[in-house]
Amino acid sequence: MSLRGQTKFVAGAGVTERMLVVTSGPVNLAISATAVEGILPPEEAGLAGTVTVREITYPVTDLARRLGYAPAASANDPRVILCGSRGFRRGFRVDQVLGLTEVEIRHLRPLPPHFAAEERTWFKGYFLYHEGIALWANPDWLVGDDPAGESPEPLVGATRVVEAHASRPGEVIELEVVNAERTK
Amino acid sequence: MVFSIGGSMLAARTKDVAGVRPWTGAMQVPSRTPYVNALVRNGEDVLPVFDLAGMLNLRVQGDTPMCLIAKRQDGPMAICIDATIPTLTTVESTALYPPAQPDPNILWQCQIDGIAMPIYAFSNLATPPVTTS
C-alpha cells in the first residue's frame, strides 16, 4: 500500500530513494515512500485521535509534536499522512505535503558528527531539497513508541474512511527527481 | 578575531575560524545534543549550527546577522553572531590570563580596548559554562 510500491530503483546511472517530503513547523521531513501508506485531507481524518483505513487503525498525532515542536496554530494546506514500518503504524498531521521526490543515494548525507545524541537514530541523514534541506526520517523511529506520551486515543469513535486519497480531488502530487536523471 | 553576540564582545583565535559570511538562515533539526540544533546551507555546503548565543543566554542582535564558521575538532560549524563585522586584533601572549571562573570553553581572557574579553576554544566548544556555587 506504500506510494508507488517501491523505494529503491535505478534511475539513469544511480540508485535512488523515493521519498515523500512534508513540512511540519520549521522542519522539512522526508519519509521513505515504502513507509507512507496514505495521505488524507484533514477533514477525512476527523478530529478523533485515530483514523481507520482499510481495516487498519492509525493513531494520529501532530508530526511537529513528534519532532519536539509545538504544532503550528494554522497551516495553509494541511494533510494527514499514514505511515507504517515493521508492523507499527501512525498517522501524522503535517502542515503541507511538498511532493514525492527521488534522491540518488549518493546525494543522501549523514548528519554531521556534531549531532551526537538520540537524533542520530531519529534521522538517517539529510539531502539538499530545492533551496533548503530535508531531513530523512528513520521510519522505525517515526512510527515506533513515543516516550513523550503521545499515547493513542481509544479506538471508540475512530473515524473510518473507505480509501486513502493521495490528495484532494483534482490535485496531483508531482514526482520530481532531485540530482538524478528521470526514469524513462 | 573579536566578534559580538547580544552586544557582548567575545574573541577567538584566528586559527580556529574558517570564515565569516552573511547568515542565510537555518533549518532546525530536532536534537538532544546541547546547542547543536540546526543545519545551515550555503550552496552545496551544509554546516551544523552551534547555538553559542543560547549557550551564553544571549540573543543575537541586528537585522542582518553574520555567520562565523568555527573550526571544531570534528568539523566546521556555523555560529550566528551579531550583525557587527568582526575585527582582527593582535594580543601579546603576555597579556593573556586564565578566566576568572574555570570554563572548558574559554582558553584565556584578555583586555582589548580596556574591555575584558574571553577567548573561546572553538576546537572543542561543546559544553555549557561551568557554574560554581
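Each value in this text was obtained by applying a stated rule to the coordinates, not by laboratory testing. This one's a predicted model, so the numbers in the text were calculated from it and none came from an experiment. Neighbour counts run over all protein chains shown; Cβ positions are idealised from the backbone, glycine included.
Given contacts defined as C-alpha pairs under 8 Å and at least six residues apart, what's the relative contact order of the range B:37-119, whole-number percent? All intermediate terms of the calculation are to be shown ahead of the outcome.
Details: 111 pairs, mean separation 15.5, N = 83.
Taking the mean separation of contacting Cα pairs over the length of the range B:37-119, I get 19 percent.
Legend: mean number of C-beta atoms from other chains within 10 angstrom of residue C-beta atoms, peptide B:30-43, equals 5. Per-peptide packing, taken as the mean over residues of other Cβ atoms within 10 Å, places B:72-84, A:30-42 in the sequence A:30-42, B:72-84 from highest down.
Would you calculate, for chain B, the mean residue ellipticity at 222 nm contributed by helices, counting each DSSP H stretch of 4 or more residues as -39,500 (n - 2.57) and dividing by all residues, to the nearest 500? Before the final figure, lay out each step's value.
Numbers: 1 runs with 4 residues, N = 133.
Roughly -500 deg cm²/dmol at 222 nm, from the helical runs in chain B.
Quick check on chain B: take the gyration tensor over C-alpha atoms, sort the square-rooted eigenvalues as a ≥ b ≥ c, and tell me if it's rounded (a/c under 1.5), prolate or oblate. Since a/c reaches 1.5 and a/b is larger than b/c, the shape of chain B is classed as prolate. The mean number of Cβ atoms from other chains found within 10 Å of a Cβ in peptide B:21-29 is 4, as a whole number. Between residue A:86 and residue B:83, the simple label model (points 7 Å from Cα in the Cβ direction) yields a spacing of 4.9 nm.
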